[in-house]
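What follows is a short report on a single structure.
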Amino acid sequence: MEHIKTDKTLVIIKPDGVQRSLIGEIINRYERLGLKLIAAKFLIPSEGLIEKHYTIDPEWIRKVGEKSIKSFIAKNIEPPSNDPIEFGKKVLGRLVKYLSSGPVVAMVWQGAHAVDLIRKINGGTEPLTSDIGTIRGDFVLDSYKLADVEDRCIRNVVHASGSHEEALEEIKSWFRPEEVLNYRLIQEEILYDVNLDGILE
Ligand code: ADP
Ligand code: MG
């Protein structure tokens, strides 16, 4: 089995993140934690790539619909649709438009618990309810309600893979194998090695 320190996750700084000049701020938050950048590109994604990205998990359409409906109900607001599949398809259409609307930064980050840690740093899907201190909580004011009134996507600055398996599939669709680099960071000795030998002279 591969060591947990080789866990990988895909991050996308969405078009609004690039437009808000948050590239450096976002990268800084992953970097300072000790995660390692192993692939990066700046591109305008095609609609096809975005559609493929969100349908890697065949359950995603239903799940995103259910999550959205729950969020409306929790705030005592009538959801725009009570059918999770119908709602999920609508979100997919909005996402395709949103994410292909301008340049994005796609990256692969590696390190122990990379998937969970990056989702923790990013915060929950809806900026209105995501925690203070997270990227989505600190830098955006969007909500399900606001997005729905305008029939657009929630603008929440970043994407990150939801699970280890999803990450492997997503990385494959955004990067060729040779674009994902294999190298060592000196700080990994401090993060992972059993003995901290070699500090004292
Ligand atoms: P996450 O990005 O937190 O993993 P999801 O995978 O559930 O969230 O949804 C993907 C993206 O779709 C979200 O980040 C958000 O930009 C957008 N989104 C999700 N639900 C809605 C909705 N009901 N209305 C508009 N946009 C949505
Ligand atoms: Mg997701």
To the nearest whole percent, what portion of all C-alpha pairs in the stretch 66-123 is separated by more than 16 angstrom? 65
Long pairs among Lys89/Lys172; Lys41/Lys75; Lys5/Lys70; Lys8/Lys145; Lys52/Lys75; Lys41/Lys120, criterion Cα-Cα beyond 28 Å: Lys41/Lys75; Lys5/Lys70; Lys8/Lys145; Lys52/Lys75
Build a GNM of the chain with springs between Cα atoms under 10 Å: which of Tyr30, Tyr98, Tyr183 gets the top mean-square fluctuation? Tyr183
Determine ³J(HN,Hα), in whole Hz, for all residues of the stretch 4-14 in sequence, where each value follows from phi through the Karplus function 6.51 cos²θ - 1.76 cosθ + 1.60 and θ = phi - 60°; x replaces Gly and Pro. 4, 5, 8, 3, 10, 8, 9, 10, 10, 7, 5
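Can you compute the helix-only [θ] at 222 nm over the chain? Use -39500 (n - 2.57) per DSSP H run of at least 4 residues, normalise by all residues, nearest 500 deg cm²/dmol. Please list the in-between numbers first.
Working: 10 runs with 92 residues, N = 201.
Rounded to the nearest 500, it is -13000 deg cm²/dmol.
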In nm, give the distance between the simple-model label positions of Ala74 and Glu189, each being 7 Å from the Cα along the Cα-to-Cβ direction. 4.5
For the chain, longest principal axis from Cα atoms; helix 60-74 axis from its Cα atoms; angle between them, nearest 10 degrees, is 70
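Give the shape of the stretch 123-201 as rounded, prolate or oblate, defined through the alpha-carbon gyration tensor: a ≥ b ≥ c are the square roots of its eigenvalues, a/c under 1.5 means rounded, and otherwise the shape is prolate if a/b is larger than b/c and oblate if not. List each step's numbers first, then the result.
Working: a/c = 3.81, a/b = 1.81, b/c = 2.11.
It is oblate, given that a/c is not under 1.5 and a/b is not larger than b/c.
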Highest GNM mean-square fluctuation among Leu185, Leu146, Leu128, for the chain with Cα springs under 10 Å, belongs to Leu185
Scoring only Lys, Arg, Asp and Glu (+1, +1, -1, -1) among other residues with Cβ under 12 Å from the Cβ of Ile199 yields -4
Heavy-atom accessible area per residue of the stretch 1-118, all protein chains kept, 1.4 Å probe, expressed in Å², is 50
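Can you tell me how the chain classifies by the Cα gyration tensor, rounded, prolate or oblate, using a/c under 1.5 as the rounded cut? Don't jump to the answer; show the numbers that get you there.
On the way: a/c = 2.03, a/b = 1.78, b/c = 1.14.
Prolate, because a/c is 1.5 or more and a/b exceeds b/c.
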13 Å beta-carbon shell around Leu141, net charge (K/R +1, D/E -1): 0
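The values are calculated or read from the model by the stated rules, or taken from the named source; none is laboratory data. Only a predicted model underlies this, so the values are computations on that prediction, with no experimental measurement involved. Virtual Cβ from ideal backbone geometry, glycine too; neighbours counted across all protein chains shown. Quick note on the areas: whole protein, heavy atoms, side chains included, nothing else; ligands and nucleic acids left out. Shrake-Rupley method; radii C 1.70, N 1.55, O 1.52, S 1.80 Å.
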